[in-house]
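Below is one structure; the comments refer to it alone.
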Amino acid sequence: ALILALPNGLAAPYVAAIDQIAATTVIVDLSADYRFDARWYYGLPELTRSRADGHNRISNPGCFATAMQLALAPVKDLLTAPTQCFGVSGYSGAGSHPSDRNDPAKLHDNLLPYALIGHLHEREVSQQLGFPVEFMPHVAAYFRGITLTANLHFATAQSHHELSLRYQQAYAGEPLLRWSEQAPWVSEIAHQQHAEIGGLTVSADGRRAVVVVTLDNLLKGAATQALQNLNRALGCPELQGIC
């Protein structure tokens, strides 16, 4: 088995070489190169586990894309109009190549917006969920962790109880997903393997709600999820080596 953790656009020659030498090798790719390739399993286990069996080519979802899908999936059949997601990541999510977005001095007392239309994870989530998502990413001065706020519009009025129940039922029995009535804090998710979903707030007319997701972009947004996918592909318990 092999985990590829290359920058976007560099995986193809390595995959081709492995295909020639040992085509049955399990590959988990952390880049975005195969997230839109139907021949690869898109590995967000809590949402796509039923499609995993038999695949030895696995594309790991993006960190923001993971958070957005966890926020939207339980209520996607209720949604109308594009859903807006406002995300903030620590600068470890801004890549290793030096830039303003991973320069602590430039981030000090600052919040930098970037790729405000057409971000890769916006397209990724829109494809996976089958409806348009509008994503506005930002990077902040802390090192790791994502907080994602999703603004949801419904075709018909929904109650707080009905919506909360949907999330709790959807994620019941998922050890790496935790529901909270309070909005989760990004400062409490660093170095944690799980994602937290909560802070559900519903408008007076029931036609709009907001929900918050936090996760560690280096763990549940990357390495933890890769290990979940690798374990399943190798026939091991999904959480082996995680918890």
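The values are calculated or read from the model by the stated rules, or taken from the named source; none is laboratory data. Note that this is a predicted model, so its numbers are computed, not measured. Glycine also receives a Cβ, built like all others from the backbone with ideal geometry; neighbour counts cover every protein chain displayed.
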Unmet criterion (only one of (1) at pLDDT 95 or above; (2) assigned to a loop (DSSP other than H, G, I, E, B)) for Ala17: (2)
So if I check each of Leu218, Leu239, which one is under 30 Å from Arg57 (Cβ atoms), touching a residue at least 60 places away in the same chain (Cβ under 8 Å) and surrounded by fewer than 18 Cβ atoms within 10 Å (Cβ to Cβ)? Leu239
Among Ala71, Ala81, which is the only one that is surrounded by 14 or more Cβ atoms within 10 Å (Cβ to Cβ), assigned by TED's automatic domain parsing to the domain that holds Thr149 and either part of a loop (DSSP other than H, G, I, E, B) or among the small types (Gly, Ala, Ser) (or both)? Ala71
Residues satisfying the stated conditions in the range 18-55, i.e. surrounded by 10 or more Cβ atoms within 10 Å (Cβ to Cβ), of a type in the set (Asp, Glu) and farther than 24 Å from Pro7 by Cβ: Glu46
Any pair with Cβ under 6 angstrom, 6 or more apart, that starts in the range 76-91 at a residue that is closer than 15 Å to Gln128 by Cα and ends at one that is loosely packed, with under 15 Cβ neighbours inside 10 Å: Pro82/Pro132
So which residues in the range 81-115 are at pLDDT below 95 and more than 23 Å from Ser187 (Cα to Cα)? Ala81, Pro82, His97, Pro98, Ser99, Ala115
With respect to Ala150, is the statement that it is aliphatic (A, V, I, L, M) and closer than 19 Å to Leu79 by Cβ true? yes
In the range 88-132, which residues are among the hydroxyl-bearing types (Ser, Thr, Tyr), touching a strand residue (DSSP E or B) at 6+ places or on another chain (Cβ under 9 Å) and part of a helix (DSSP H, G or I)? Tyr91, Ser126
If you go through the range 58-114 one residue at a time, how many are basic (Lys, Arg) and under 23 Å from Ser31 (Cβ atoms)? 1
Test Thr224 against the criterion of being closer than 18 Å to Ile242 by Cβ and under 18 Å from the mean Cα position of the chain (by Cα), and give yes or no. yes
Going residue by residue through the range 28-46, is there one that turns out to be closer than 24 Å to Glu238 by Cα, in a helix (DSSP H, G or I) and either assigned by TED's automatic domain parsing to the domain that holds Pro137 or at pLDDT 95 or above (or both)? yes
